[in-house]
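The values are calculated or read from the model by the stated rules, or taken from the named source; none is laboratory data. Note that the structure is a prediction, hence the values are computed from the model and not measured. A quick note on method: Cβ atoms are made from the backbone with ideal geometry, for glycine too, and the neighbour counts reach across all protein chains shown.
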Amino acid sequence: MNRRDFLARSWVGLAALSPALSRIRLPSAAPWLLVPMDDAQADHLKAYGLAFRLLERGGRAEWFLNYRSGAFLLPADAATTRDAALNGITTERLEDGQLVQLRGELQGGNMDAVPLEKAPKVAVYAPPNAAPWDDAVTMALNYAGIGFEKVWDPEVLGAKLRTYDWLHLHHEDFTGQYSKFFLNYAGSPWLVDMVERNRATARQLGYPSVPAEKRAVAVAIADYVQRGGFLFAMCTATETLDLALAADRVDIAAAYADGTPMDSDASRRMHWDEALAFQHAELEQSPVVPVYSDIDGHQVNSPERRQQLGSFTLFNFSAKIDPVATMLVQNHRQVIPDFYGLTTSFTRKRLKPGVTVLADEPGAPWVKYIHGEHGQGTWTFFGGHDPEDPQHQIGDVPTDLSLHPHSPGYRLILNNVLFPAAKKKELKT
Amino acid sequence: MLVTAVAPHALRGQDPAMSRAFELERRGNYAAAAETYRGVLAGRPGDTAALLGLERALMPIDRRAEILPQVRAALAASPSSVPVLGVALRAWAAADEPDSIRAVAERWAAAVPGDETPYREWGAAALSRRDRPGAVAAYLRGREQLDRPDALAAELAQVALADGDYPRALKEWLLAIRRLPGYRVSAVSALSQAPDSVRSDLLRQLEQERGLNARRIEADLRARWGDPLGALNSLQAALPDERPAALEALRGLLDLLRVQPGREARVAQGRVLELMAERSPGSEHARFRLEAARAYTAAGERDAARRMLVGITDDRNAPETIAAGASTTLVQVLIGEGKLDEAARRLAEHRADMGGDEYAALRRRIVLGYIQAGDLARADSALGADSTIDGLALGGRIRLYRGDLAGAIERFKAAGPFAGDREEATERTALLALLQPIEADSLPALGHALLDLARTDTAAAVAGLDRVAAGLPPGQGGAEIRLLAGRLATAIGKPADAERLFKAAAVPEAPGTAPAAELALAELLIRQRRHAEAVAQLEHLILTYPSSALVPQARRRLDEARGAVPQT
């Protein structure tokens with residue numbers, strides 16, 4: 001920060017302390033850009049990219065929690081102004097005097113200003129081939145213009161995760177059972193490719209089976225979080241990650257995956273203390289039913305147990321006392337239509353004590369969006385596959401986010417990407 | 001079903017306790033209703049209405065298993081009552097007591113020999129406990145006891161589907177349909193969801209089966225799986241001699257084909273209608289032939305369409321509406337074949353049979369046919385003094401192709417935005433935008449180039465437009481004509497020409513045209529995978545012309561060029 005910036009910011013800080021001081025005209029300084037995130041915003045999703053790219057350029061931003069649905073304050077430099085114009089992002093010019101008033105408003109309500117200091121280095125866990133389903137986070141990152149790198153099993157087991165601040169998991173099956181599509185989609189080229197690729201990777205990495213190798217990956221991911229990483233998972237990666245972690249010396253994989261049938265007493269023998277979010281789940285024994293356990297409340301692939309979609313409601317948190325949870329739920333909509341995934345939701349009674357529920361379906365026995373800490377890091381789980389495609393089927397075309405620039409579901413994903421930028425300390429990994 | 005069937009009957013009862021229980025239930029106070037029913041059952045343990053009421057009241061509050069004491073008492077009071085046995089079976093299912101379920105089901109079956117219901121309920125109870133093997137066992141036990149190989153086939157088919165075992169499901173559906181043909185629709189609907197990998201096996205399995213039912217299922221599945229001609233062949237080979245049965249089978253396939261897209265579906269639709277016509281007398285015969293002709297026309301099978309129409313148009317016994325429809329279709333076929341004089345003659349002959357709008361529309365199609373043939377004099381003559389807005393729009397085109405720009409503009413403006421369909425109106429607006437910056441009243445070279453375009457000689461049109469544009473300043477039509485030429489060059493696969501033309505159109509002297517030319521150029525670059533150049537072009541457009549209506553589209557293309565959204 002140069003001296004002039006420092007003086008200007010000092011003025012702002014002082015003025016915020018006293019309404020009388022706020023009437024004093026500030027020395028002229030570069031105006032600010034307020035990026036509203038309420039209904040005035042033309043493209044909510046790209047607005048996150050605008051803030052992210054500013055951080056990448058070494059700039060600093062602020063996130064005004066609960067102010068205009070989570071607005072951003074950015075310096076109105078040429079690059080940021082150009083970026084906003086090119087991407088059609090609504091911004092409002094803000095003079096220093098207006099900013100002082102605004103800070104006073106933030107002080108008075110359930111709002112807060114969180115500095116965003118550093119663009120997190122983002123990794124997406126994805127196989128090298130293209131799966132026949134879309135990945136909501138990859139699509140959101142691409143659409144918002146947030147750079148990321150792909151990692152897969154060799155990188156995870158090779159300790160490369162330490163170089164990233166944020167890791168995303170999506171439709172991965174960490175129990176090593178190929179999403180339990182093995183029997184129902186037998187012969188499908190994408191499944192054949194998936195099986196061959198996973199088996200070859202397990203062999204190459206020296207594991208006796210895919211389930212054994214995937215559990216090692218799950219343990220490495222949990223270790224990454226333990227050491228201070230930020231983990232965000234969606235869809236079935238949430239449930240299977242915990243199942244794999246808890247399946248220490250327990251065979252939870254069907255015979256087609258590891259050559260031996262699933263332990264008939266697996267549910268009783270799981271080590272839930274090793275899982276991040278869930279406990280005491282009943283595992284699905286049938287290898288044909290693409291359901292893992294009763295962690296998922298909706299059971300979309302079980303015709304007898306499938307639950308209808310409703311909508312979920314975001315919780316309110318105190319911005320000043322609980323800024324992390326507040327950041328994760330910033331949105332211009334409080335109630336959001338639900339969407340299916342192989343794991344759609346999380347049964348309330350299977351949550352570990354201490355898990356923070358960020359969104360649930362009122363009156364239903366499941367929740368949608370949860371958060372927790374593990375060691376020095378945090379994890380966030382969001383059920384469902386694609387917030388703008390409630391019934392996403394295998395082989396469906398990917399969602400075009402330019403048709404959903406205001407998607408409240410996708411906003412939740414992007415809150416997670418930006419949330420590590422608010423962490424002031426460097427990761428101790 | 002049994003539960004709801006008994007309730008209204010019971011409502012008529014005079015028992016005050018029962019009336020109170022029903023009222024509590026109606027208000028949604030299920031716990032109090034259950035207590036009241038219990039009170040009635042304490043005095044009359046065999047009261048079926050009260051027992052069913054108690055079951056109904058406990059269900060929404062998820063306390064179904066609490067009915068067991070009353071069920072036991074009712075069984076003791078009425079050991080062979082079918083409603084009581086039904087409640088008992090469901091109660092033990094709720095209590096998860098499979099042995100008791102089985103015992104009640106067997107007892108119920110003994111009370112109603114030959115009835116599938118006890119086994120169906122037994123299976124349903126197993127399914128409610130997610131016990132599919134148990135359900136199959138119950139159904140098979142029923143099949144054995146009833147001594148009918150097709151008993152409970154539909155239920156077994158449903159379980160097979162839940163297991164993903166499509167071949168087994170098909171086998172059971174065939175048994176079910178043999179007994180009750182109405183199951184065919186459900187069977188086809190369920191089996192059509194089969195994954196690609198098992199479809200050929202299912203069709204092979206069906207080919208082994210004889211009879212119309214199997215052929216109809218095969219035809220329906222082939223139609224749903226995108227093989228309409230295969231569907232027709234399957235059905236045609238098995239059509240029975242009896243006219244009503246054959247027509248019913250053909251009508252079923254026709255309903256499916258009507259909603260299938262594509263040329264093959266239209267051909268198959270035409271053939272099905274032809275087969276229906278062969279089996280139908282009098283006016284039905286003519287109507288099916290006419291519909292077949294329309295389907296063939298839609299498929300581009302003009303010979304077949306003409307074959308269907310022969311006889312109907314000149315048949316004095318054919319109903320008036322059908323003859324008129326046939327005349328219209330025949331004129332359409334003739335226009336499609338380029339036999340414009342014959343089409344005009346036929347149209348004149350049958351003018352009296354047609355509505356005014358229909359006649360005018362066909363006449364305009366003939367005019368368009370003459371334009372496409374390059375015969376502007378006959379086009380003008382055929383149009384005559386048509387002063388409708390569609391006629392004015394068409395007259396404007398004829399003037400335009402003759403190079404009379406002032407006359408064309410006058411007629412296009414008079415026609416306004418409502419002539420023709422939306423596409424025609426948009427095209428006319430684009431032509432007006434092209435002509436208005438040009439100061440000259442007459443420009444035969446432009447008219448000639450646009451006539452080349454109307455006659456689908458796009459390469460000649462591009463060359464002609466390029467020459468015309470060279471003689472006009474960019475702001476006075478030169479840029480707009482180059483933009484059109486560039487778009488045409490893109491369409492015929494001449495990207496180098498297109499790029500040159502777009503660049504020449506994207507000049508500051510033509511600020512109304514430049515954003516569109518820049519966007520067109522960027523789209524061309526994206527198609528050529530020159531993404532970095534496309535991004536630069538789009539960024540220039542957005543930042544230079546921020547208020548242009550094309551900016552949102554430019555942003556969309558920018559996203560595509562950056563890989564931020566899927567390519568469209």
Subject >> Failed condition for residue B:200, given (1) surrounded by 15 or more Cβ atoms within 10 Å (Cβ to Cβ); (2) within 14 Å of chain A (Cβ to nearest Cβ); (3) within 26 Å of the chain's Cα centre (by Cα); (4) at pLDDT 90 or above >> reply: (1)
**OP:** Out of the residues in segment B:174-194 that are more than 21 Å from residue B:226 (Cβ to Cβ) and part of a helix (DSSP H, G or I), state the one that is nearest to the other protein chains (Cβ to nearest Cβ).
**Re:** B:186
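Please determine, by comparing only the residues of segment A:105-126 that are part of a loop (DSSP other than H, G, I, E, B), touching a strand residue (DSSP E or B) at 6+ places or on another chain (Cβ under 9 Å) and not small (Gly, Ala, Ser), which one is modelled with the lowest pLDDT.
Looking at residues that are part of a loop (DSSP other than H, G, I, E, B), touching a strand residue (DSSP E or B) at 6+ places or on another chain (Cβ under 9 Å) and not small (Gly, Ala, Ser), I get A:117.
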Original post:
Out of the residues in segment A:59-104 that are part of a helix (DSSP H, G or I) and small (Gly, Ala, Ser), which is farthest from the other protein chains (Cβ to nearest Cβ)?
Top reply: A:104
Subject >> Qualifying positions in segment B:524-553 - surrounded by 22 or more Cβ atoms within 10 Å (Cβ to Cβ) and out of contact with any Ser or Thr (no Cβ under 8 Å at 6 or more places or on another chain) >> reply: B:525, B:534, B:537, B:538, B:542
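Among the listed residues A:220, A:200, identify the single one that is modelled with pLDDT of 95 or more, assigned to a helix (DSSP H, G or I) and either surrounded by fewer than 17 Cβ atoms within 10 Å (Cβ to Cβ) or hydrophobic (A, V, I, L, M, F, W, C) (or both). Step through it out loud before you land on a result.
On the way: A:200 fails: modelled with pLDDT of 95 or more.
Among A:220, A:200, only A:220 is modelled with pLDDT of 95 or more, assigned to a helix (DSSP H, G or I) and either surrounded by fewer than 17 Cβ atoms within 10 Å (Cβ to Cβ) or hydrophobic (A, V, I, L, M, F, W, C) (or both).
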Original post:
Within the bounds of segment B:156-175, is there any residue that is closer than 22 Å to residue B:248 by Cβ, within 25 Å of the chain's Cα centre (by Cα) and not charged (D, E, K, R)?
Top reply: no
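Look at residue A:377 and say whether it is on the phi > 0 side of the Ramachandran plot and more than 14 Å from chain B (Cβ to nearest Cβ). Outline the logic, then answer.
Details: on the phi > 0 side of the Ramachandran plot: no; more than 14 Å from chain B (Cβ to nearest Cβ): yes.
Criteria not met by residue A:377.
Yes or no, residue by residue, for (1) aromatic (Phe, Trp, Tyr); (2) crowded, with 24+ Cβ neighbours inside 10 Å; (3) within 24 Å of residue B:153 (Cα to Cα); (4) in contact (Cβ under 8 Å) with a residue 60 or more places away in the chain:
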site: B:48; (1), (2), (3), (4): no, no, no, no
site: B:59; (1), (2), (3), (4): no, no, no, no
site: B:64; (1), (2), (3), (4): no, no, no, no
site: B:75; (1), (2), (3), (4): no, no, no, no
site: B:80; (1), (2), (3), (4): no, no, no, no
site: B:88; (1), (2), (3), (4): no, yes, no, no
site: B:116; (1), (2), (3), (4): no, no, yes, no
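With the structure loaded, tell me whether residue B:193 is farther than 30 Å from residue B:273 by Cβ and out of contact with any Ser or Thr (no Cβ under 9 Å at 6 or more places or on another chain) or whether it fails that test. Write out each step before concluding.
Numbers: farther than 30 Å from residue B:273 by Cβ: no; out of contact with any Ser or Thr (no Cβ under 9 Å at 6 or more places or on another chain): yes.
Here the answer is no, as residue B:193 does not meet what is asked.
Mind telling me which of the residues A:147, A:187 ends up being surrounded by fewer than 21 Cβ atoms within 10 Å (Cβ to Cβ), in a loop (DSSP other than H, G, I, E, B), within 13 Å of chain B (Cβ to nearest Cβ) and modelled with pLDDT of 85 or more?
Details: A:187 fails: modelled with pLDDT of 85 or more.
None of the other options fit; the residue is A:147.
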Original post:
Mind checking which residues of segment A:65-88 are touching a residue at least 40 places away in the same chain (Cβ under 8 Å) and closer than 18 Å to residue B:561 by Cα?
Top reply: A:84, A:87, A:88
Subject >> Residues satisfying the stated conditions in segment A:227-249, i.e. under 17 Å from the mean Cα position of the chain (by Cα), in a helix (DSSP H, G or I) and not β-branched (Val, Ile, Thr) >> reply: A:235, A:237, A:239, A:241, A:242
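When you look at residue B:139, is it touching a Gly at 6+ places or on another chain (Cβ under 9 Å) and hydroxyl-bearing (Ser, Thr, Tyr), yes or no? Walk me through it before giving the result.
Working: touching a Gly at 6+ places or on another chain (Cβ under 9 Å): yes; hydroxyl-bearing (Ser, Thr, Tyr): yes.
So residue B:139 fits the description; yes.
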**OP:** Kindly provide the set of residues from segment A:240-266 that are touching a Leu at 6+ places or on another chain (Cβ under 8 Å) and of a type outside the set (Val, Ile, Thr), ordered by number.
**Re:** A:241, A:242, A:243, A:245, A:256, A:262, A:266
Original post:
Inside segment A:300-309, can you point out the residues that are surrounded by fewer than 17 Cβ atoms within 10 Å (Cβ to Cβ) and either under 21 Å from the mean Cα position of the chain (by Cα) or within 14 Å of chain B (Cβ to nearest Cβ) (or both)?
Top reply: A:303, A:304, A:305, A:306
**OP:** Report yes if residue A:386 is more than 16 Å from residue A:276 (Cα to Cα), touching a His at 6+ places or on another chain (Cβ under 8 Å) and within 14 Å of chain B (Cβ to nearest Cβ), otherwise no.
**Re:** yes
Original post:
Of all the residues that make up segment B:407-440, how many are over 40 Å from the mean Cα position of the chain (by Cα) and closer than 26 Å to residue B:517 by Cβ?
Top reply: 8
**OP:** Return a yes/no flag: does segment B:213-223 have any residue that is surrounded by fewer than 18 Cβ atoms within 10 Å (Cβ to Cβ) and either within 26 Å of residue B:287 (Cα to Cα) or of a type in the set (Val, Ile, Thr) (or both).
**Re:** no
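Has segment B:121-131 got at least one residue that is part of a loop (DSSP other than H, G, I, E, B) and away from chain A (no Cβ under 14 Å)? Give the derivation first.
In the first step, residues of segment B:121-131 are kept if they are part of a loop (DSSP other than H, G, I, E, B); the result is B:129-131.
Those still in the list that are away from chain A (no Cβ under 14 Å) too: none.
No, there is no match, as no residue in segment B:121-131 is part of a loop (DSSP other than H, G, I, E, B) and away from chain A (no Cβ under 14 Å).
How many residues, within segment B:513-540, are at the interface with chain A (Cβ under 10 Å from one of its Cβ atoms) and among the hydrophobic types (A, V, I, L, M, F, W, C)?
2
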**OP:** Could you list all residues from segment A:301-356 that are closer than 30 Å to residue A:106 by Cα and of a type in the set (D, E, K, R)?
**Re:** A:320, A:322, A:333
**OP:** Restrict the check to segment B:493-515 and report whether at least one residue is within 40 Å of the chain's Cα centre (by Cα) and closer than 17 Å to residue A:86 by Cα.
**Re:** yes
**OP:** List every residue pair whose Cβ atoms lie under 7 Å apart, where the two residues are 6 or more positions apart in sequence or sit on different chains, the first residue falls within segment B:482-499 and is at positive phi, and the second residue, located anywhere, is part of a helix (DSSP H, G or I) and surrounded by 24 or more Cβ atoms within 10 Å (Cβ to Cβ).
**Re:** none
Subject >> The listed residue being within 14 Å of chain A (Cβ to nearest Cβ), outside any helix (DSSP H, G or I) and free of Cβ contacts under 8 Å to residues at least 24 places away in the same chain, out of B:566, B:552, B:508 >> reply: B:566
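Please work out if residue A:333 is within 14 Å of another protein chain (Cβ to nearest Cβ) and either crowded, with 20+ Cβ neighbours inside 10 Å or part of a loop (DSSP other than H, G, I, E, B) (or both).
Numbers: within 14 Å of another protein chain (Cβ to nearest Cβ): no; either crowded, with 20+ Cβ neighbours inside 10 Å or part of a loop (DSSP other than H, G, I, E, B) (or both): yes.
When the stated conditions are applied, residue A:333 does not pass them.
Results for (1) at positive phi; (2) modelled with pLDDT of 95 or more; (3) in contact with a Lys or Arg (Cβ under 7 Å, 6 or more places away or on another chain); (4) crowded, with 19+ Cβ neighbours inside 10 Å, shown as yes or no for each residue.
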{"site": "A:350", "(1), (2), (3), (4)": "no, yes, no, yes"}
{"site": "A:354", "(1), (2), (3), (4)": "yes, no, no, no"}
{"site": "A:381", "(1), (2), (3), (4)": "no, yes, no, yes"}
{"site": "A:385", "(1), (2), (3), (4)": "no, no, no, yes"}
{"site": "A:396", "(1), (2), (3), (4)": "no, no, no, no"}
{"site": "A:401", "(1), (2), (3), (4)": "no, no, no, yes"}
{"site": "A:410", "(1), (2), (3), (4)": "no, yes, no, yes"}
{"site": "A:418", "(1), (2), (3), (4)": "no, no, no, yes"}
